[in-house]
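S.K.: Handing you a structure now.
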Amino acid sequence: MAEPHFAGKYAKCLGTGFRAALEYRVNFFLSVAGAIAPVVIQTALWIVIYSDDPASSLFGFTFPQMVAYTVIAQLVSRLVRTGFEYDVNADIKSGSLDRYLVKPIGYFGFRLFSFIGDKIVQTAFMGVLLVLAVWILAMALGFVVSAGAFVLFVLSLALAFVLNFLVFWCVALVGFWLTEIGYLFEAVRIVIIAASGGILPLAVLGPDASSVLTLLPFRFTIQFPTELLTGRIPPESVLGSFAVAIFWMVVLAALGQAIWSRGIRRFAAVGS
Amino acid sequence: MEYRANFITGIMMEAGYLLAKTMYVIVAYSAGKRIGGFSPDEILVFVGSYVALTGFYAGVFAMNLFQLSRLVHDGSFDLILVKPVNTQFLATFRRSDMGAFFFDTIAGIIMVIVGLARSGIAIDLPLVLGWSFFASAGAAVGYALWIIPMTLVFRIVRADAIAGLADTFWDFNNVPMVVYNRIGQAVGVFVIPIFVITNFPALFALGRLPPVWFAWGIAAPVIFGWIASHIWNSAIKQYASGGN
């Protein structure tokens, strides 16, 4: 039997992720519903904080900008969220990683394309929610999204998916050395969400902290796409920002490969 | 404590969540203005009370509530039914995460103490007893509020989604309830008394708990505890053993 074409193998992985996402769409909708609470909480907070001077700027945000950031960042945060790290950890712990090592398909490629397939479905659903959110923001606060900003947002979102995958791929591979890792994933996840601007804009943390966090890859998973859509990135900075994001993708991919190489040698030595 | 790695990583997870919660405190201090009539130091007391009670929620009964669906689904709930212990007690308190409980409780209490000290409020025995009482009452109300929707598991079996959604509403206490409008506050205090859980201890400590709310803070755990128990006993009659 002829071996499947290289692209065909990973297209099947993409299809697997796509079908899984359709099957677990209720979980995704509940995750999105969970975004309602922080949006309500933060909007109420900002209304009170800006109440004495609605036209003022705080942390570099006007009130409409802050509310728009709050809503869109929450939706983006739900969209780029991963979960495959638990499956990777289960494969390592149970030894079923064995079967992927003998298949004509790389485990990294399998996980990456399954993840992308999963995100295609979620992006379709989220696209509808995002349009609705932008419409409500436009009606309530005069928030406007340009066509150019939308295109850049979509491009940055694709980068965000891959970046977030690479970050959690590196974290998941720690499973080669640690046996009980579930809580660690959650700890890393919440810290990364905070460092990505997924809870509050990084500017809230002050100029020093936000300067440091701006250099790290995390902001490109949530804050960067959000600020592109809300028009807060100066046009002359867009290309440079994309370049930095791609740089981090290369670094994280190399780091992941290095960890995989060491981890798989340990896995093979220890056995299932 | 048998799984020490789990204990340690559990604490790391709670530390991550604590970081997320304190971001709202950072907003208060960074904004440099009073929020709903409360200074940033007083906001710290609210968030500290929230963190302390999250220790109870996350460490004592959250995992039991999330696992209830699985117990019913695979029939393990039968083993709880046959034991000579109150079923509700056993099902909802059988497991605990002491790492999360102690970490959050201690961190929260420290935040409350720092906030009160910076506000110039003397921490005396009546304040400690009063805060502890309303924190305990809030924990009881929180327990009742989370039990009620989870009883759906006896009817629809897979209620993981409900537990997940209920979990997200805990976060409404991450900020003082004064940021919400009057209708929201009224609903959150008297109808679905989620704000009683963490706001009342803080308001008492700050000396800003109105008499009507003071009385409600005493009555609410009794009323909602009775309602939750009644609904649990009624719902458990719907239980039909699942599993193989």
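S.K.: For segment A:187-219, which residues satisfy the criterion of being within 7 Å of chain B (Cβ to nearest Cβ) and either modelled with pLDDT of 90 or more or buried (at least 18 other Cβ atoms within 10 Å of the Cβ) (or both)?
M.R.: Within segment A:187-219, the first condition is being within 7 Å of chain B (Cβ to nearest Cβ), and the residues that meet it are A:187, A:190-191, A:194, A:199-200, A:204-206.
Within segment A:187-219, A:Ala187, A:Ile190, A:Val191, A:Ala194, A:Ile199, A:Leu200, A:Val204, A:Leu205 meet the criteria.
S.K.: For segment A:149-182: of the residues being of a type in the set (Gly, Ala, Ser) and within 14 Å of the chain's Cα centre (by Cα), which is modelled with the lowest pLDDT? Give the derivation first.
M.R.: Within segment A:149-182, the first condition is being of a type in the set (Gly, Ala, Ser), and the residues that meet it are A:149, A:156, A:158, A:160, A:172, A:175, A:182.
Next, from what is left, pick out any that are within 14 Å of the chain's Cα centre (by Cα): A:156, A:158, A:160.
Values: A:Ser156: 95, A:Ala158: 92, A:Ala160: 95.
Filtering segment A:149-182 for residues that are of a type in the set (Gly, Ala, Ser) and within 14 Å of the chain's Cα centre (by Cα), the one modelled with the lowest pLDDT comes out as A:Ala158.
Residue by residue, here is whether (1) surrounded by fewer than 19 Cβ atoms within 10 Å (Cβ to Cβ); (2) of a type in the set (A, V, I, L, M) holds:
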residue: A:Thr70; (1), (2): no, no
residue: A:Val76; (1), (2): no, yes
residue: A:Val80; (1), (2): no, yes
residue: A:Tyr86; (1), (2): yes, no
residue: A:Ile92; (1), (2): no, yes
residue: A:Arg99; (1), (2): yes, no
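S.K.: Which residues, counting only those in segment B:31-60, are of a type outside the set (D, E, K, R), surrounded by fewer than 20 Cβ atoms within 10 Å (Cβ to Cβ) and at pLDDT 90 or above?
M.R.: Scanning segment B:31-60 gives B:Gly37, B:Ser39.
S.K.: What is the number of the single condition among (1) aliphatic (A, V, I, L, M); (2) crowded, with 20+ Cβ neighbours inside 10 Å; (3) within 29 Å of A:Met66 (Cα to Cα) that B:Leu68 does not meet?
M.R.: Against the list (1) aliphatic (A, V, I, L, M); (2) crowded, with 20+ Cβ neighbours inside 10 Å; (3) within 29 Å of A:Met66 (Cα to Cα), B:Leu68 comes up short only on (3).
S.K.: Of everything in segment B:2-25, what is assigned to a helix (DSSP H, G or I), more than 7 Å from chain A (Cβ to nearest Cβ) and either more than 23 Å from A:Leu202 (Cα to Cα) or among the acidic types (Asp, Glu) (or both)? Give them in sequence order.
M.R.: Within segment B:2-25, B:Arg4, B:Phe7, B:Ile8, B:Ile11, B:Glu14 qualify.
S.K.: Go through (1) touching a residue at least 40 places away in the same chain (Cβ under 8 Å); (2) in a helix (DSSP H, G or I); (3) out of contact with any Lys or Arg (no Cβ under 7 Å at 6 or more places or on another chain) one by one and return the number of the condition A:Phe161 breaks.
M.R.: Every condition holds for A:Phe161 apart from (3).
S.K.: For B:Val25, indicate whether it is crowded, with 17+ Cβ neighbours inside 10 Å, under 17 Å from the mean Cα position of the chain (by Cα) and farther than 26 Å from A:Leu178 by Cβ. If you could, list the steps in order and put the result at the bottom.
M.R.: Values: crowded, with 17+ Cβ neighbours inside 10 Å: yes; under 17 Å from the mean Cα position of the chain (by Cα): no; farther than 26 Å from A:Leu178 by Cβ: yes.
Taking the combined requirement at face value, the residue does not satisfy it.
S.K.: Being out of contact with any Leu (no Cβ under 8 Å at 6 or more places or on another chain) and either within 7 Å of chain B (Cβ to nearest Cβ) or of a type in the set (Ser, Thr, Tyr) (or both) is the filter here, so list the residues in segment A:35-51 that pass it. Can you show your working first?
M.R.: Taking segment A:35-51 and keeping what is out of contact with any Leu (no Cβ under 8 Å at 6 or more places or on another chain), we get A:36-41, A:43-48, A:51.
If the condition is that a residue be out of contact with any Leu (no Cβ under 8 Å at 6 or more places or on another chain) and either within 7 Å of chain B (Cβ to nearest Cβ) or of a type in the set (Ser, Thr, Tyr) (or both), then A:Ala37, A:Pro38, A:Ile41, A:Thr43, A:Ala44, A:Leu45, A:Val48, A:Ser51 are the ones that fit.
S.K.: For segment B:46-75, which positions are without any contact (Cβ under 8 Å) to a residue 40 or more places away in the chain and among the polar types (S, T, N, Q)?
M.R.: B:Asn64, B:Gln67
S.K.: In addition: Among the numbered conditions (1) at pLDDT below 85; (2) within 13 Å of another protein chain (Cβ to nearest Cβ), tell me where A:Gly60 comes up short.
M.R.: Among (1) at pLDDT below 85; (2) within 13 Å of another protein chain (Cβ to nearest Cβ), the lone unmet condition for A:Gly60 is (1).
S.K.: Tell me the residue from B:Phe61, B:Phe56 that is aromatic (Phe, Trp, Tyr), within 30 Å of A:Val204 (Cβ to Cβ) and either within 16 Å of the chain's Cα centre (by Cα) or within 14 Å of chain A (Cβ to nearest Cβ) (or both), please. Please lay out each step first, then the result.
M.R.: Working: B:Phe61 fails: within 30 Å of A:Val204 (Cβ to Cβ).
Step by step, each of B:Phe61, B:Phe56 is checked, and only B:Phe56 is aromatic (Phe, Trp, Tyr), within 30 Å of A:Val204 (Cβ to Cβ) and either within 16 Å of the chain's Cα centre (by Cα) or within 14 Å of chain A (Cβ to nearest Cβ) (or both).
S.K.: What pairs come up if the first residue lies in segment A:73-98 and is under 18 Å from A:Ala187 (Cβ atoms), the second is of a type in the set (D, E, K, R) and buried (at least 20 other Cβ atoms within 10 Å of the Cβ), and their beta carbons are under 7 Å apart, counting only those six or more places apart or on different chains?
M.R.: A:Phe84/A:Arg111; A:Val88/A:Arg111
S.K.: Against the condition surrounded by fewer than 22 Cβ atoms within 10 Å (Cβ to Cβ) and within 14 Å of another protein chain (Cβ to nearest Cβ), how does A:Gly182 come out, does it pass? Before the answer, list the steps.
M.R.: On the way: surrounded by fewer than 22 Cβ atoms within 10 Å (Cβ to Cβ): yes; within 14 Å of another protein chain (Cβ to nearest Cβ): yes.
Here the answer is yes, as A:Gly182 does meet what is asked.
S.K.: For A:Ala140, are the conditions met, namely being surrounded by fewer than 21 Cβ atoms within 10 Å (Cβ to Cβ) and closer than 14 Å to A:Ala68 by Cα? Spell out the reasoning first.
M.R.: On the way: surrounded by fewer than 21 Cβ atoms within 10 Å (Cβ to Cβ): yes; closer than 14 Å to A:Ala68 by Cα: yes.
Judged against the criteria, A:Ala140 is a match.
S.K.: Name the residue, out of B:Met13, B:Met63, B:Met111, that is closer than 27 Å to B:Phe195 by Cβ, among the hydrophobic types (A, V, I, L, M, F, W, C) and in contact with a Lys or Arg (Cβ under 6 Å, 6 or more places away or on another chain). So that I can check it myself, show each step before the final result.
M.R.: Numbers: B:Met13 fails: in contact with a Lys or Arg (Cβ under 6 Å, 6 or more places away or on another chain); B:Met111 fails: in contact with a Lys or Arg (Cβ under 6 Å, 6 or more places away or on another chain).
Result of the check over B:Met13, B:Met63, B:Met111: B:Met63.
S.K.: Consider segment A:50-83. How many of its residues are in a loop (DSSP other than H, G, I, E, B) and within 19 Å of the chain's Cα centre (by Cα)?
M.R.: If we filter segment A:50-83 for residues that are in a loop (DSSP other than H, G, I, E, B), which is where we start, we get A:51-57, A:59-60, A:62, A:81-83.
Within this subset, residues satisfying the condition of being within 19 Å of the chain's Cα centre (by Cα) are A:81-83.
Here the count works out to 3.
S.K.: Right, something else. Looking at (1) out of contact with any helix residue (DSSP H, G or I) (no Cβ under 6 Å at 6 or more places or on another chain); (2) within 21 Å of B:Leu203 (Cβ to Cβ); (3) away from chain A (no Cβ under 14 Å); (4) assigned to a helix (DSSP H, G or I), which is the one condition that is false for B:Gly115?
M.R.: The single condition B:Gly115 does not satisfy is (1).
S.K.: Could you grab me the full set of residues in segment B:26-49 that are in contact with a Phe, Trp or Tyr (Cβ under 9 Å, 6 or more places away or on another chain) and either more than 9 Å from chain A (Cβ to nearest Cβ) or under 19 Å from B:Phe101 (Cβ atoms) (or both)?
M.R.: Those that are in contact with a Phe, Trp or Tyr (Cβ under 9 Å, 6 or more places away or on another chain) and either more than 9 Å from chain A (Cβ to nearest Cβ) or under 19 Å from B:Phe101 (Cβ atoms) (or both): B:Phe38, B:Pro40, B:Asp41, B:Ile43, B:Leu44, B:Val45, B:Phe46, B:Val47, B:Ser49.
S.K.: Continuing with this model, one more query. Could you grab me the full set of residues in segment B:167-179 that are closer than 15 Å to A:Thr43 by Cβ and free of Cβ contacts under 8 Å to residues at least 12 places away in the same chain?
M.R.: Across segment B:167-179, the qualifying residue is only B:Asp171.
The values are calculated or read from the model by the stated rules, or taken from the named source; none is laboratory data. Please read these numbers as outputs of a predicted model, since none were measured by experiment. Using ideal geometry, Cβ is built from the backbone for each residue, glycine included, and neighbour counts are taken over all protein chains shown.
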